[in-house]
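Peer 1: Sharing a structure with you now.
Just so it is clear, none of the values below were taken in a lab; they were calculated from the coordinates. Since the structure is predicted, the reported quantities are computational estimates derived from the model, not experimental observations. No Cβ is skipped: glycine too gets one built from the backbone with ideal geometry, and neighbour counts run over all protein chains shown.
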Amino acid sequence: MFSVSPEELEALQLSLKVSFWAVGISLPFGILTAWCLARLEFPGKVLIDAIIHVPLVVPPVVVGYMLLLLLGRNGALGSWLHDTLGITVGFSWQGAAVAAAVMAFPLMVRAIRLSLESVDRRMEQTARTLGASPVDVFFSITLPLSGSGIVAGTILAFARALGEFGATITFVSSIPGETTTLPLALYSLAQIPGEEGGALRLMIISIIVAFAAMVAAEIIARRVRRRIAGS
Amino acid sequence: MSLTVDIRKNLGAFTVDAGFEAGNGITTLFGKSGAGKTSIIQMLSGLMTPDTGRIVLNDKTLFDSANRLQVPAQDRQIGYVFQDARLFPHMNVRRNLEYGTRRRKKQGTDAPKFDDVIEVLGIEQLLDRQTHQLSGGERQRVAIGRALLSSPRLLLMDEPLAALDTERKWEIIPFIQRTQREFRIPAIYVSHAVDEVLQLADRMVLMVDGGVAASGPVEDVMNRPDLIRVTGAGDPGSVIPVWVKDEGMDAGIARLSFAGGEFRVVATGLEKDTRLRLRVRARDVSLATSRPKNVSVLNVFEGRVTSVSDDDRPQAEVSIDVGGATIWSQITRRSLQELEIEPGSNVFAMVKAVAIDRPAIRT
């Protein structure tokens, strides 16, 4: 039964592509957001914090519909993107990546924020006395010292992106080869009588990919921790 | 080097209001914990902002509240050695040492060189180690090296030995003396330990409750009778500059010359002509009004009483001038009355040779 069909392989590749882009593009913003929340005090911080967490608490379908209203061809931002930059996010794999990124963002920010908050501020002060500017301190001290949390946040976000279903199907629908990611393919196969084999295969593939990601995360995090052992 | 400090900062529990000057060599900020010493060097380093005042290093103003001037910490070229070393845990020893070097503004020719610094501090063997593999003393040596290699114009040391046990402490002090001799970077050394100060400091700024109670050469401040209760930290004594006349070949007794004569102390291994600081605790000095005969005490000095402390404690501190040097004696008020000792009296001060601690070496 383990001969994977081209369609199933396509779904896997698409899922990986969408998740990589989703996480890759949102990581710098995730770190920046986490840093602002961890280190700055500004008016409306509670509100910003709540907005970032919206995808975590509302049904994914709601997020998908919000994206559709905002970024769809007739959406406020979507029409502008289409008219001025010629970019269409709706019903494309880029749209799927946007949906996955939005859904995974709060998880990423939470993990990174926690690790930034655990960085010893005194190390940063010490670096300042040695001539490092605040930006320099961030890249040479803060970022490396919060490395394990950033890895954890990234992998967590990646796993969340891989499993994204509700927001994706609402925002970009399920177009084979374009937006039909692994969960979407699995869902449609499960709907068709006689396709249980394919559904089972996709289920196993999903588990393997997620499992591999978690193991990789643990290994990397451990390596980072060992490097800064004694802290 | 000249450092002029005049700063005020409200810290809630108390207010720091300090004005002092420092020059070349090591100046100690001395005082009990909670006297505001650490806050002051934090403000010198730029990690804390004073409410008002001025800080001028050489001819460069680092802080001036009147002109809203504040040089950020990274541009002050002031090295900072913390009590807890604060080595970067994600870098090995070599990368820690190089951190400041890579970021220093100008490549001065007189800046300490990497090879010289690791040689003077004896850390050549540690370069490839991770920081968690180092002992407390090694960590502190690396921290000093890291600060030196950022080519600072001033070095701040915040009780760098306080976290170490006594034995380690005495291992590190010679390294600090050597760095001072080799690189001559002026330093502010925060401490509350008399023994460290006697070994290391040239000048003293005495801090009490956030303010400066006195400043000047260590001997002068330590010997001021009005400050005896503060500088003595529960065990007052005088500080006497001496030099080694005879290195202890005579039955293990070394002879040390000072302005008022010669001290005999139990010590071996002192090098002839070395300059030392002797701390003589007031409670180890007894007084007589005539030259004592048939006593075991080896050090008997004739002198004149310059002051007698005046409060309602049963004991009193008597300051005696011996040929220009100050020796303190702590005796009971009862003895004071019986012997009729008062300022101006001629007395004989007696110090047992075995009562004197190993003298502090000055280089």
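Peer 1: Ignoring GluC sites (Glu not before Pro) that are buried or in helix or strand per DSSP, and keeping those with at most 12 other beta carbon atoms within 10 Å, what is the longest stretch of chain B between them?
Peer 2: Details: sites that count: B:E271, B:E340.
So the longest stretch without any such site is B:1-270.
Peer 1: Distance between the C-alpha centers of the stretch B:246-311 and the stretch B:33-55? Whole Å please.
Peer 2: Cα centroid of the stretch B:246-311 versus Cα centroid of the stretch B:33-55: 40 Å apart.
Peer 1: Once the Cα atoms of the stretch B:187-267 are picked out, what are the Rg and Dmax in Å?
Peer 2: Cα radius of gyration and Dmax of the stretch B:187-267 are 14.9, 48 Å respectively.
Peer 1: May I pose another question? Convex hull over the alpha-carbon atoms of the stretch A:100-158: what's its volume per residue in Å³? Don't skip to the answer; put the middle values down first.
Peer 2: Working: hull volume 4.0 nm³, N = 59.
Expressed per residue, the convex hull around the Cα atoms of the stretch A:100-158 is 68 Å³.
Peer 1: Hey, another quick one. On the Cα set of the protein assembly as shown, report Rg and Dmax in Å, please.
Peer 2: Considering the protein assembly as shown through its Cα atoms, Rg and Dmax are 35.1, 120 Å.
Peer 1: A further question on this structure: Which value, in debye to the nearest 20, describes the size of the charge dipole of the stretch B:255-325 about its Cα centre when Lys and Arg Cβ atoms bear +1, Asp and Glu Cβ atoms bear -1, and nothing else is charged? Don't jump to the answer; show the numbers that get you there.
Peer 2: On the way: 12 positive and 10 negative charges, 72 e Å.
Here the stretch B:255-325 has a charge dipole of around 340 debye.
Peer 1: Take every residue in peptide B:85-93, count the Cβ atoms of other chains within 10 Å of its Cβ, and give the average of those counts. The partial results should precede the final answer.
Peer 2: Numbers: counts 1, 7, 4, 11, 10, 12, 5, 1, 0.
For peptide B:85-93, the averaged partner shielding equals 6.
Peer 1: Using the count of nearby Cβ atoms within 10 Å as a rough guide to exposure, how do A:S188, B:S2 rank from fewest to most? Mind showing how you got there, number by number?
Peer 2: Working: A:S188 17, B:S2 12.
By the 10 Å Cβ count, ascending, the order reads B:S2, A:S188.
Peer 1: Can you pull the Rg over Rh of the stretch A:119-199, Cα-only, Kirkwood? List each step's numbers first, then the result.
Peer 2: On the way: Rg = 22.3 Å, Rh = 16.3 Å.
Radius of gyration relative to Kirkwood radius: 1.37.
Peer 1: Give me the one-decimal Kirkwood hydrodynamic radius in Å for the stretch B:15-156, with the sum taken over alpha-carbon pairs. Before the final figure, lay out the partial values.
Peer 2: On the way: mean 1/r = 0.0608 Å⁻¹.
16.4 Å is the Kirkwood radius here.
Peer 1: For chain A, take the longest principal axis of its alpha carbons; what is the angle in degrees between that and the long axis of helix A:93-117, to the nearest 10 within 0 to 90?
Peer 2: Compared with the principal axis, the helix lies near 30 degrees.
Peer 1: Which whole-number value in Å³ per residue fits the convex hull of the alpha carbons of the stretch B:237-361? List each step's numbers first, then the result.
Peer 2: On the way: hull volume 11.8 nm³, N = 125.
So the per-residue hull volume is 94 Å³.
Peer 1: I've got another one for you. Can you give the calculated 222 nm mean residue ellipticity of chain B, where each DSSP H run of n ≥ 4 adds -39,500 (n - 2.57) and the sum is split over every residue, rounded to the nearest 500 deg cm²/dmol? Could the numbers behind the result be given before it?
Peer 2: Numbers: 9 runs with 81 residues, N = 363.
Helices in chain B give a 222 nm mean residue ellipticity of -6500 deg cm²/dmol.
Peer 1: While we're looking at this one, here's another question. Compare B:R281, B:R229, B:R153 in a GNM of chain B, Cα atoms joined below 10 Å, and give the one with the largest fluctuation.
Peer 2: With Cα springs under 10 Å in chain B, the top fluctuation among B:R281, B:R229, B:R153 is at B:R229.
Peer 1: Something else now. If the convex hull of the alpha-carbon atoms of the stretch B:95-251 is projected onto planes in all directions, what is the mean projected area in square nanometres? Write down the numbers at each step before the final one.
Peer 2: Working: hull surface 50.9 nm².
Result: 12.7 nm².
Peer 1: While we're on this one: Starting from the coordinates of the alpha-carbon atoms of chain B, obtain the Kirkwood hydrodynamic radius over all distinct pairs and give the value in Å to one decimal. Could the numbers behind the result be given before it?
Peer 2: Numbers: mean 1/r = 0.0451 Å⁻¹.
Evaluated over chain B, this radius sits at 22.2 Å.
Peer 1: Could you tally the net charge around B:S45, taking each other residue with its Cβ under 14 Å from the Cβ of B:S45, Lys/Arg +1 and Asp/Glu -1? Mind showing how you got there, number by number?
Peer 2: Values: positive: A:R122, A:R128, B:K9, B:K37, B:R76, B:R86, B:R153; negative: A:E124, B:D75, B:D158.
After counting each charged neighbour, the total is +4.
Peer 1: Using 12 Å as the cut-off for backbone N distance, which residues of the stretch B:156-193 belong to the label zone defined by a point 7 Å from the Cα of B:N58 along Cα→Cβ?
Peer 2: B:186
Peer 1: Taking N as the number of residues in the stretch B:154-221, what value does Rg over Cα atoms divided by 2.2 N^0.38 Å take?
Peer 2: Working: Rg = 12.3 Å, N = 68, 2.2 N^0.38 = 10.9 Å.
Relative to the rule-of-thumb radius for its length, the stretch B:154-221 sits at 1.13.
Peer 1: Now for a different question. Relative contact order, percent, of chain B when contacts are C-alpha pairs under 8 Å separated by at least 6 residues?
Peer 2: Details: 783 pairs, mean separation 56.5, N = 363.
Rounded, it is 16 percent for chain B.
Peer 1: Take the Cα gyration tensor of the stretch A:1-152, multiply each eigenvalue by 5, square-root it, and list the three semi-axes largest first, rounded to whole angstrom. Write down the numbers at each step before the final one.
Peer 2: Details: eigenvalues 236, 88, 45 Å².
Gyration-tensor ellipsoid for the stretch A:1-152: 34, 21, 15 Å.
Peer 1: Something else about it: Find the relative contact order for chain A and round it to a whole percent, using C-alpha pairs within less than 8 Å whose residues are 6+ positions apart.
Peer 2: 30 percent.
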